[in-house]
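Worksheet for the structure shown next.
The values are calculated or read from the model by the stated rules, or taken from the named source; none is laboratory data. Here the structure is a predicted model, which means the values were calculated and not measured. Heads up, the Cβs are rebuilt from the backbone with ideal geometry, glycines too, and the neighbour counts pull from every protein chain shown. What goes into the accessible areas is simple: the full protein's heavy atoms, side chains included, and nothing from ligands, DNA or RNA. Shrake-Rupley method; radii C 1.70, N 1.55, O 1.52, S 1.80 Å.
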Amino acid sequence: MNSELQQQLRNLALKRTIPFCYSCYQRAPAGVCKSCHSDDLMRLLPGHGCDYGLDWAIAAILREELTPVDIEEAFEDSMRSCYSEEVHVGWMSFDAVSVMKEMDPISWALAMSEWLEEEQSMNSLVMVEDRYYVISELKALL
Ligand SMILES: [Zn+2]
């Protein structure tokens, strides 16, 4: 993920969360707790709880508002659009993708990881906390 996108995700999490003093268990929207004057504050994401840092909040917001990409399905769809022909064997016909997938699963898996790298380098997919998202959908949140 590029640093600009990372910063935008942090800004999103800052916007959606509220500073929270865990010792007094109250919100501290000003950035300093009114009761104990601490500025060592967690972030509260309403409906999700509170914790230090923003990465967990980013992950929670994305999980709630976006559908992660099923990589295997997306790769298969992409291959189907490239190899739409039918393969004839004897009296049977199969679609090329199913044949490739079943006849050489290692080559299939290799091609899938190359495709995934390519999608990421072309900025169409991005991985956030172990899940892949379509960048254009993610940017619509920002
Ligand atoms: Zn406090």
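Per residue, how much accessible area does the stretch 3-65 show when a 1.4 Å probe rolls over the protein heavy atoms, in square angstrom? Display every interim value, and only then the final one.
Working: 3840 Å² over 63 residues.
I get 61 Å² per residue for this part.
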**Prompt:** Toward the positive end of the charge dipole of the stretch 3-65, about the Cα centre and with charges on Cβ (Lys, Arg +1; Asp, Glu -1), which of I58, C33, L14 goes farthest?
**Reply:** C33
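Carbon and sulfur atoms: what percent of the 1.4 Å accessible area of the chain do they account for?
Values: 4720 of 9350 Å².
About 50 percent, which is the carbon plus sulfur part of the accessible surface.
Place the peptides 62-68, 31-37 in order of packing, highest mean first, counting for every residue the other Cβ atoms within 10 Å and averaging per peptide. Could the numbers behind the result be given before it?
On the way: 62-68: 14.6, 31-37: 12.4.
Highest to lowest by the protection proxy: 62-68, 31-37.
Ignoring everything except DSSP H segments at least 4 long, calculate the 222 nm mean residue ellipticity for the chain; use -39,500 (n - 2.57) per segment, divide by total residues, nearest 500. Numbers along the way, then the final one.
On the way: 6 runs with 69 residues, N = 142.
Taken over the chain, the calculation gives -15000 deg cm²/dmol.
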**Prompt:** Hey, which aspartates and glutamates would be in cross-link range of K139, C-alpha to C-alpha under 14 Å, not counting anything within fewer than 8 residues on its own chain?
**Reply:** E4, E65
**Message:** What's the magnitude of the charge dipole for the stretch 3-65 around its Cα centre, counting Lys and Arg as +1 and Asp and Glu as -1 at the beta-carbon? Answer in Debye, nearest 20.
**Reply:** 200
**Complete:** The long-range amide H neighbours of V87, using H built 1.01 Å from N in the peptide plane and a cut-off of under 5 Å, are F94, D95, A96
**Fill in**
The answer for V69, listing residues at least 5 apart or on another chain whose modeled amide H is closer than 5 Å to its amide H, is Y132, Y133, V134
**Asked** Based on the Cα gyration tensor of the chain, what are the three equivalent ellipsoid semi-axes, each the root of five times an eigenvalue, rounded to whole Å and given largest first?
**Response** 47, 13, 11
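Q7: net charge of surrounding residues, Cβ under 14 Å, Lys/Arg +1, Asp/Glu -1, itself excluded?
On the way: positive: R10, K15, K139; negative: E4, D55.
Every neighbour counted, the sum reads +1.
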